[in-house]
Structure formats: structure tokens, C-alpha cells
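Asker: I have a structure I would like to understand better, so I am pasting it below and will then ask my questions one at a time.
Only the coordinates and a few stated rules stand behind these numbers; no lab work does. Predicted, not measured: the structure shown is a model, and the values here were computed from it. In this analysis, Cβ positions are derived from the backbone assuming ideal geometry, glycine residues included, and neighbour counts consider all displayed protein chains.
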């Protein structure tokens, strides 16, 4: 494919984990990254309750902050929800939308994901749009069709190379210890890249980072990050401990 290569991103999704005591891991991570020459950007997506405190600890570091979800409305009677503006105000520069756990646990459709991504863009946040197939869909040979449809329907018209990141996370690999083979990942990421070229144009489509997520850990990070068209990782459990997360980040040193 074309020579343009997006700068890789290694993002840690803490999910519903983390209280004040977890801030020690942020302090450790910032210390571990000092003086290290990285070939990637680093992001941490803690729970919303910790965002402002993590922002205070990382203000002078290279760590970017992201939220884990946002509502598609700026404000209103939506008890328990968090808007993109609120995340930005707390120090976030990005937000994850459409994670498979949101799609499964909260019934979020591609249309809902697209609306949330559009809201993120309006608040000057990068939308990390997640897509991925279930094990049944993979076994049925439906992976590429499912991925293509999710990509097309989950990206709003406001998507550009500077405000959008795609994260491919096969649902069956998240937290299971299972991972697709490098060849399987390469085939899906190549399909995503071709889809981006069609959806947002050849030039912009080449510059959107496409991350891989699903049981990424220090032991397999170097192999996975070396796969063609993989531009980083969206990391779950292994991002909760600085020692594990830095082991993945080091794939880009």
C-alpha cells in the first residue's frame, strides 16, 4: 500500500478498574517513560472518576489521556452519563467509543457509536472507534463482512485522519488470553485500511491509526505490533500495572 504510515499509539483502557490507590501506577509509568525515546504515542484511559487526578500527574509527561465512553449529547437529563465536553474539561484528549463491552452490555448500535464519535469530534476529542467480530461470526467466515459493515456505519461524516482512530478488537480475544494469528490480524487490518480509503478518502484513509486489541501483553506485543497495518494497541488488563504496560510500549523503542 501507500508509504504514509500513521504514528503508532499504545493506549491503556482501564475499564471499570481503579481507585485512588491506582494512581501509584501512573506515577511509576511517568517515571519509567522519562528519557525513553519512543516511536509511539502513549495514552491512558482511566475511569472518569480519576481523569482529573491522572491529568495532574501526567501534565508534564508525554502521556495523553482518554475517556472510556461519552454521551452523544452535550448536556441534559441523562443521569450517570458523561459528555465529551466533560471529558475534555477533565483533561482528556480522546475517548473510546463502541467498545464491544458497550455494544454487548448496553446494546449500542453502530448508529449510536457514530453519534458518540461525532460528539467527540465536536468537543475536539479524538474518537477511538472500536470494531470487532464474535467467535461465532469468525467461525462462520463472516469476519471481514462484519468488520466492513461496522466500520462504514460507525464513522460519522466528521471523521478525519486527525480526529479518528480505529481499534480492531476481536470480541472473542478480549480478556481470554486468545489472539488471532499475525496472518489473521494482517488480513483484517488490511480490510479496514481499504475501507478507510473508501470512506474518508485515499489521503486521509492512509493516515488514520488502526490499533489492535485483544489479549495484548508484554510477551506478544513485539510480534503483534510488527504486523503490517497495525499502528499500535488498545490494551486492557495489561495496562493496569505500569510494569506490564511499559513492556508493551517497549515494542516501539
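Asker: Looking only at residues in the range 152-184 that are crowded, with 22+ Cβ neighbours inside 10 Å and touching a strand residue (DSSP E or B) at 6+ places or on another chain (Cβ under 7 Å), which one is nearest to residue 108 (Cα to Cα)?
Answerer: Checking each candidate, the answer is 154.
Asker: Among (1) within 24 Å of residue 7 (Cβ to Cβ); (2) surrounded by 21 or more Cβ atoms within 10 Å (Cβ to Cβ); (3) in contact (Cβ under 8 Å) with a residue 40 or more places away in the chain; (4) in contact with a helix residue (DSSP H, G or I) (Cβ under 8 Å, 6 or more places away or on another chain), where does residue 119 come up short?
Answerer: Of the numbered conditions (1) within 24 Å of residue 7 (Cβ to Cβ); (2) surrounded by 21 or more Cβ atoms within 10 Å (Cβ to Cβ); (3) in contact (Cβ under 8 Å) with a residue 40 or more places away in the chain; (4) in contact with a helix residue (DSSP H, G or I) (Cβ under 8 Å, 6 or more places away or on another chain), the odd one out for residue 119 is (1).
Asker: Any residue that is within 17 Å of residue 125 (Cα to Cα) and part of a helix (DSSP H, G or I) - is there at least one of those in the range 73-82?
Answerer: no
Asker: Given the conditions (1) outside any loop (DSSP other than H, G, I, E, B); (2) surrounded by 20 or more Cβ atoms within 10 Å (Cβ to Cβ); (3) in contact with a helix residue (DSSP H, G or I) (Cβ under 8 Å, 6 or more places away or on another chain); (4) in contact (Cβ under 8 Å) with a residue 40 or more places away in the chain, which single one is not true for residue 50?
Answerer: Every listed condition holds for residue 50 apart from (4).
Asker: In this structure, does residue 240 turn out to be within 15 Å of residue 167 (Cβ to Cβ) and either in contact (Cβ under 8 Å) with a residue 40 or more places away in the chain or crowded, with 20+ Cβ neighbours inside 10 Å (or both)?
Answerer: It is false that residue 240 is within 15 Å of residue 167 (Cβ to Cβ) and either in contact (Cβ under 8 Å) with a residue 40 or more places away in the chain or crowded, with 20+ Cβ neighbours inside 10 Å (or both).
Asker: A further question on this structure: Which residues, taken from the range 217-240, are part of a loop (DSSP other than H, G, I, E, B), under 18 Å from residue 44 (Cα atoms) and in contact with a helix residue (DSSP H, G or I) (Cβ under 6 Å, 6 or more places away or on another chain)?
Answerer: Hit for the range 217-240 is 217, nothing else.
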